[in-house]
Amino acid sequence: MLKVGLTGGIASGKSVVGEMFVALGAHLIQADAIAHDLMRPGAAVYEEVVRHFGREILNPDGTINRARLADAAFGSRANQLSRIEELNQIVHPAVIRRQDAWAEEVGRNYPHAIAIVEAALILEAGAGNRFDKVIVVTCRTEQRAERWAQRMNVDLETARKEVARRMAAQLPDEEKIKAADYVIDNSGWLEETRKQVKQVYERLRGLPAQDR
């Protein structure tokens, strides 16, 4: 089995690229989906997040309000310190354990599989060496804002500010690209991205057996 990390900056299109790899036959798990599950009411990670960030981040039904948690973690005011590292220290170990268990199961059932973990902070967390190969997805900064505005149904200026805030907690694309084995430029038409994905997938499939 080949274990691949799929990463990129906010709103770069990681999930779209991940879906393209799945369509070609790869197995995929998303760190964000794992985190959502781990932060459901009653889960250990949920309790720890609430203990650190307060009940102000909760909805009336007790679920975590992701926007309020983001404000608390990234800093919603200019003079407010970022606490993203504090949040990551709570969530990341549990996410990695779930990823490892998933990868082991895929390896048992599909020994020659390409197993992809989609996660935003692979390189920031120093986890690149946990993967056989790392793929980085990139796009232009303004595209990130446009995509975020569409996804979150907010105006473009609000999206620009939110993207800038979150990008400040991530490595610049230039640094990600240096650490990547493969780079997929998602700035153009989807068909252009799909062509790049297919090329990378064929290269992954063609790696020698000892690398799989």
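None of the figures in this text is laboratory data; all of them are computed from the coordinates on show. Worth saying up front: this structure is predicted, and the values here are computed from it rather than measured.
Of note:
- With only the Cα atoms considered, region 2-206 has a convex hull volume of 129 Å³ per residue.
- Estimated at 0.36 nm per residue, the fully extended path between R66 and E105 surpasses their Cα-Cα distance by 11.1 nm.
- Relative to the current alpha-carbon distance between Q199 and R40, full extension at 0.36 nm per residue lengthens the span by 53.4 nm.
- Considering only T193, T63, T138, the Gaussian network model of the chain with Cα springs below 10 Å gives its largest mean-square fluctuation to T63.
- Of all beta bridges that DSSP places with both ends in the chain, some 5 percent have antiparallel geometry.
- Length gained on full extension, V16 to D185: 59.6 nm, using 0.36 nm per residue less the C-alpha separation.
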